[in-house]
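What follows is a set of notes on a single structure, which appears directly below.
The values are calculated or read from the model by the stated rules, or taken from the named source; none is laboratory data. If you're wondering where the values come from, they're calculated on a predicted model, not measured in any experiment. Don't worry about glycine lacking a Cβ; one is built from the backbone with ideal geometry, like all the others, and counts go over all protein chains shown. Side chains are part of the model used for accessible areas, which takes the heavy atoms of the whole protein and leaves out ligands, DNA and RNA. Shrake-Rupley method; radii C 1.70, N 1.55, O 1.52, S 1.80 Å.
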Amino acid sequence: MKWMHFVLVIGALSLTACDHSTPHAAAPVAKSPAHVTSAPKKATAFAPPSESDIPNDDFGKQVALGRQIFIDPGQYAKAYVGNSLSCENCHLDAGRLAHSAPLWGAYPMYPAYRSKNHHVNTFAERLQGCFQYSMNGKAPPADDPVLVALETYAYWMSKGEPIGTSLPGRGYPKLPKPAIAPDYARGEAVFKRDCALCHGDNGQGQRAAGRTVFPPLWGPQSFNWGAGMEQVNNAAGFIKANMPLGRGDTLTDQDAWDVAYFMDAHERPQDPRFKGSIAETRKAYHDTPESLYGTTVNGQQLGQGTAGK
Ligand code: HEC
Ligand code: HEC
């Protein structure tokens, strides 16, 4: 995987950084690629098949294509992608890692009612949502080859699972409410200490040879205001379990909430459902304490979008 080389280098760097500046110096730092994607932190009931188990036939070709799209949608599903992220950036290990919203956790749970759009969603529609919001792009039509390949990949990965049973490891962990309300300044301190090394001082990530090595956390190339990661509770759960990369589950819950709040208090592309004013859009889609859309943080009203920037 593209970032693994960097993790090796950075693992060594951050060990030094940690020793000096953090109370988490005892936390294990990724030393080998195996560490990075290895054993999930909590019990899981399901072990998904690996890439080498993909059958060598026409069905397997669709599985492999789905996997490629998932890892590099900017190349394999270009028409539907509007930022520099990949599905894998938020669903680690090609959608296999527990507690990182794995595909095997999702697939057997659809069709499902979603309060986000107030109706029963097929799995295809759930995938469409990711393209529209997390990828800041366009929804592929339901019978589009891109969706067929992604569905085939998720179906293959879920073989042998019970239908309609939510397995441990599905989604991102739900963290208990923090002891004190999340705070921008504290979050900024966590960001500088534990995140900026990879995601950059300005959260814009790092690219090399035209490819994303460390994904942007906000700004024009990140997920938009309609995405799930925009909700502070989702972001806190993801970050707690998976970040800093290779050192998941080492932040305190409070640090995870604070840094999630800091990340989500930055500007990003407009919600594609924008209703003409920030206030109306907040009322329609963001009327929850978990969304900072439309609120004022540090004197700036959030929800302006990044068009033209
Ligand atoms: C910016 C991060 C991000 C990116 C990029 C992203 N997703 Fe997601 N995805 C999320 C979040 C957040 C959720 C909601 C997780 C939860 O409910 O616990 C989610 C949920 C899902 C689910 C449903 C999970 C479940 O258990 O019901 C599927 C399937 C999915 N994403 C597929 C994709 C695909 C395919 C792509 C690429 C086209 C993609 N995602 C890109 C953040 C992302
Ligand atoms: C060692 C490098 C490294 C560090 C340190 C790190 N990350 Fe990440 N982060 C990554 C990589 C690489 C990915 C994409 C993972 C993949 O594609 O498999 C990622 C993905 C993410 C994502 C989802 C994708 C996106 O752009 O929205 C978020 C959110 C995130 N990191 C937040 C954080 C936060 C917050 C911290 C600090 C607590 C942090 N990261 C520390 C390397 C790092």
**Item:** Hz values of 3J(HN,Hα) by residue in the range 146-163 - Karplus curve (6.51, -1.76, 1.60), Gly and Pro given as x
**Value:** 5, 5, 4, 5, 5, 5, 5, 4, 5, 4, 4, 5, 9, 4, x, 7, x, 7
**Prompt:** Can you give me the relative contact order of the range 114-158 as a percent, contacts being Cα pairs under 8 Å and 6 or more apart?
**Reply:** 27
**Message:** Let me check the size of the chain from its C-alpha atoms; what are the radius of gyration and Dmax in Å?
**Reply:** 18.9, 58
**Asked** Near the amide H of Asp249, under 5 Å away, which other amide H atoms are found, from residues 5 or more places off or on another chain, if H is placed in the peptide plane?
**Response** Ala241, Asn242, Met243
**Asked** Relative contact order for the range 121-212 using alpha-carbon pairs under 8 Å, separation at least 6, rounded to a whole percent?
**Response** 12
**Asked** What is the range 174-301 by shape, rounded, prolate or oblate, if you read a ≥ b ≥ c off the alpha carbon gyration tensor as root eigenvalues and call it rounded for a/c under 1.5, prolate for a/b larger than b/c, and oblate otherwise?
**Response** oblate
**Contact order normalised by residue count of the chain, Cα under 8 Å, 6+ apart, percent** = 18
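Would you mind checking Lys192/Lys240; Lys177/Lys275; Lys116/Lys275 for any pair whose Cα atoms are more than 24 angstrom apart?
As for pairs spanning more than 24 Å Cα to Cα, those are Lys177/Lys275.
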**Prompt:** Taking Cα centroids, how far is the range 277-303 from the range 217-267 in Å?
**Reply:** 17
**Item:** the chain, accessible surface, carbon-and-sulfur percent (1.4 angstrom probe)
**Value:** 57
**Asked** Which cross-chain or sequence-distant (5 or more) residues have an amide H under 5 Å from the amide H of Gln206, H modelled 1.01 Å from N in plane?
**Response** Val213, Phe214
**Message:** Through the Karplus equation 6.51 cos²θ - 1.76 cosθ + 1.60, θ set to phi - 60°, convert the phi angles of the range 121-132 into ³J(HN,Hα) values in whole Hz; use x for Gly and Pro.
**Reply:** 9, 6, 4, 4, 5, 4, 5, 4, x, 4, 5, 5
**Asked** Which ³J(HN,Hα) values, rounded to whole Hz and listed in residue order, are derived for the range 184-198 from phi using the Karplus coefficients 6.51, -1.76 and 1.60 in 6.51 cos²θ - 1.76 cosθ + 1.60 with θ = phi - 60°, glycine and proline given as x?
**Response** 4, 5, 5, x, 4, 5, 5, 4, 4, 6, 10, 10, 4, 3, 9
**Asked** Can you tell me the accessible area per residue over the chain, all protein chains present, probe 1.4 angstrom, in square angstrom?
**Response** 47
**Complete:** Compactness check, the range 80-169: C-alpha Rg relative to the 2.2 N^0.38 Å globular estimate gives 1.05
**Request:** Just add up the charged neighbours of Pro48: K/R +1, D/E -1, any other residue whose Cβ is under 13 Å from the Cβ of Pro48.
**Result:** 0
